[in-house]
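Below is one structure, written out as C-alpha cells; comments come after it.
The values are calculated or read from the model by the stated rules, or taken from the named source; none is laboratory data. The structure displayed is predicted, hence computed values, not measured ones. Heads up, the Cβs are rebuilt from the backbone with ideal geometry, glycines too, and the neighbour counts pull from every protein chain shown.
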Ligand code: IMP
C-alpha cells in the first residue's frame, strides 16, 4: 500500500494534521518536495509542533522518515526541529537523507534578499528559490557532497567567488568564509553522516514489502512551478508528478492519492486570488481559522472555496479521495458561497488558466448555499448538520471524488472518517 498526501490549494490546507494521522500506521514517511518554506502544524499527544522540514513519521517510533532528493534541506532548521521532536519523544526518530537532496547554504538567504523576491512574490525568505536555482544551474551542493569535505570546500569557494563578482557591493557575501561554511554544515550534519542514502532504492524496497509508505507533499498544486499561478509560485513540483522526479520511481504503485483542501480558500504571499474576501467575512475566517502563517506568521488572505481551482488540482494529481479540513470554521454563517466558474472578457469558463496574470483577469461566479449553525463535530457522517452535508456533497459532485475525511479541529480526534 502506498498513499500520497497532496495539497490542492495554495498550501496550508492542513496536510500536517492528515499526514500525522496516517503516519501512525506507516512503515515509512517520505517528504518529497520543498524545504523549510513549508509549515505543517501537528498536534502530537497534546503538544503542538510547527514543523517545516521533518516528515510526520518522526513522531512515531518504528516509522522511518526520509527527506527525498526533491527537497532542499536547511541543516540548521532540520537539526533544531529534530532535537525538539527527540526531546518530546524521549528518543531520536529514524531520519534518512537522500544523497541527491540539495542543501540551502548561508548565501542562499542573502541572495533571496538581494534579488528582492521576498517583496516581489511574497516568498518565505528561506533561501528556497536560490537553492533550487543553483540545483538547476548545476552549481548546487548536495547532501552526498558532505562526504567529501575538501571537494565541497573548493566547490563552495568557487560558487562564492562567482557570487561576489556578481554582487560586489554585498558585505554579507564578502564576509562568508568557505572553510567556515563547510565546518558549520559538517557539524550540523554530524548525527546523520551514516544516514545518507540512495532514497530511490530505500523507498523501492519499502514499497516492495507491501506495508504502508506515505508520500508527504509540501505546499499545494496552485504553487507548483509548472502548473501553478506562475510567477507567483514556489520553485518545485508540488503535485503528484513531483514524487517521480524526487525519488526516481514511476509512481504507479501509489494507488491512493489523498488530496487535502480546506473548506474555504487561503493564500499567503503575493498573487491572484479570485475568491478573496477583503470584507468582514474574510477577517472572520482568518480569526476563526487561525489563518496566520506557520513559517512566517503572516496573516493569510481568505476567501470562498474555489471549485474551478479544486477541479484543476484534482485532475493534475489524479486524486482518488479528498480530505476536507476546517469545516468548523464556516459554522454560523447564514449562507456560504462556492466559486463554480470564472467570468473573463464577458465569457464564462470552468477552465483554470496557466498563468497568474490570466487568473488575475478572472472574476468568480458563485453559487450560494444555506449555512449551518450547529457544530460539525460528529462521530458519524449522518450526524453532520444537513446543510454541511450538502456542502460536502457539492464538493464531491463538482470534483467527481469522494470526501473520505472531514477535519473539524487541529487535534487528531477532531476528525470524521468515512470508509470508502
Ligand atoms: P518560496 O517557496 O519561499 O519561494 O515562496 C513562493 C510562494 O510560495 C510565496 O507566495 C509563499 O508564500 C508561498 N509558499 C511557499 N511555501 C508555502 C507553504 O508551505 N504554505 C503556503 N504558502 C507557501
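List pairs: first in region 341-359 and on the phi > 0 side of the Ramachandran plot, second at pLDDT 95 or above, Cβ under 6 Å, 6+ apart or cross-chain?
From region 341-359, no pairs qualify.
So residue 238 clears everything in (1) in contact with a strand residue (DSSP E or B) (Cβ under 9 Å, 6 or more places away or on another chain); (2) within 30 Å of residue 98 (Cα to Cα); (3) more than 12 Å from the ligand (Cβ to nearest atom) except one condition, right? Which one?
Exception for residue 238: condition (3).
For region 277-311: of the residues being part of a strand (DSSP E or B) and within 14 Å of the ligand (Cβ to nearest atom), which is nearest to residue 403 (Cα to Cα)? Outline the logic, then answer.
Narrowing region 277-311 to residues part of a strand (DSSP E or B): 292, 299, 301-303, 305-306.
Applying the additional criterion that residues be within 14 Å of the ligand (Cβ to nearest atom) yields 292, 299, 301-302.
Working: 292: 26, 299: 28, 301: 25, 302: 22 Å.
Once the filter is applied, the top-ranked residue is 302.
Scan region 51-88 for residues that are free of Cβ contacts under 8 Å to residues at least 12 places away in the same chain and closer than 26 Å to residue 4 by Cβ and jot them down.
62
Please name all residue pairs, on different chains or six or more residues apart, with Cβ atoms under 6 Å, provided the first residue is in region 267-284 and is closer than 18 Å to residue 355 by Cα and the second residue is assigned to a helix (DSSP H, G or I) and within 16 Å of the ligand (Cβ to nearest atom).
Qualifying pairs under 6 Å: 270/121; 271/356; 272/356; 272/359; 272/360.
Within region 43-55, track down each residue that is crowded, with 24+ Cβ neighbours inside 10 Å and either over 14 Å from residue 88 (Cβ atoms) or at pLDDT below 95 (or both).
51, 53, 55
Check 228, 271 and return the single one that is in the same structural domain as residue 308 (by TED's automatic domain parsing), near the ligand (Cβ under 10 Å from one of its atoms) and buried (at least 18 other Cβ atoms within 10 Å of the Cβ).
It is 271.
If the requirement is being in contact with a strand residue (DSSP E or B) (Cβ under 6 Å, 6 or more places away or on another chain) and crowded, with 17+ Cβ neighbours inside 10 Å, which of these qualifies: 181, 243, 156? I'd like the intermediate steps shown before the answer.
Numbers: 181 fails: in contact with a strand residue (DSSP E or B) (Cβ under 6 Å, 6 or more places away or on another chain); 156 fails: in contact with a strand residue (DSSP E or B) (Cβ under 6 Å, 6 or more places away or on another chain).
When all the criteria are applied, what remains is 243.
Has region 88-98 got at least one residue that is assigned by TED's automatic domain parsing to the domain that holds residue 248 and part of a helix (DSSP H, G or I)?
Looking for residues that are assigned by TED's automatic domain parsing to the domain that holds residue 248 and part of a helix (DSSP H, G or I), one finds at least one in region 88-98, hence yes.
Being over 30 Å from residue 202 (Cβ atoms) and either under 17 Å from the mean Cα position of the chain (by Cα) or outside the structural domain of residue 342 (by TED's automatic domain parsing) (or both) narrows it down to one residue among 247, 277, 285, 310; which is it?
Only one candidate qualifies: 310.
For region 17-50, how many residues are free of Cβ contacts under 8 Å to residues at least 60 places away in the same chain and within 16 Å of the ligand (Cβ to nearest atom)?
Residues flagged as free of Cβ contacts under 8 Å to residues at least 60 places away in the same chain and within 16 Å of the ligand (Cβ to nearest atom) within region 17-50 amount to 2.
Out of (1) in contact with a helix residue (DSSP H, G or I) (Cβ under 9 Å, 6 or more places away or on another chain); (2) more than 24 Å from residue 40 (Cα to Cα); (3) surrounded by 15 or more Cβ atoms within 10 Å (Cβ to Cβ), the odd one out for residue 139 is which?
(3)
In region 99-209, which helices (runs of 4 or more DSSP H) lie fully inside it and hold 1 or more residues that are under 24 Å from residue 69 (Cβ atoms) and under 21 Å from the mean Cα position of the chain (by Cα)? Step through it out loud before you land on a result.
On the way: elements: 106-115, 117-121, 128-136, 149-166, 171-175, 178-189, 199-209.
Here the list reads 106-115, 117-121, 128-136, 199-209.
Checking the condition buried (at least 24 other Cβ atoms within 10 Å of the Cβ), within 12 Å of the ligand (Cβ to nearest atom), modelled with pLDDT of 95 or more and closer than 30 Å to residue 229 by Cα, which residue from 13, 112 passes?
Working: 112 fails: buried (at least 24 other Cβ atoms within 10 Å of the Cβ).
When all the criteria are applied, what remains is 13.
If the Cβ limit is 8 Å and pairs must be 6+ apart or interchain, which residue in region 119-132 that is not assigned by TED's automatic domain parsing to the domain that holds residue 71 pairs with which residue that is in a helix (DSSP H, G or I) and within 6 Å of the ligand (Cβ to nearest atom)?
Qualifying pairs under 8 Å: 123/129.
Is it the case that residue 343 is at pLDDT 95 or above, more than 21 Å from the chain's Cα centre (by Cα) and assigned to a helix (DSSP H, G or I)?
no
Residue 261: more than 18 Å from residue 12 (Cβ to Cβ) and either within 16 Å of the ligand (Cβ to nearest atom) or out of contact with any strand residue (DSSP E or B) (no Cβ under 6 Å at 6 or more places or on another chain) (or both), yes or no?
For residue 261, the condition - more than 18 Å from residue 12 (Cβ to Cβ) and either within 16 Å of the ligand (Cβ to nearest atom) or out of contact with any strand residue (DSSP E or B) (no Cβ under 6 Å at 6 or more places or on another chain) (or both) - is not met.
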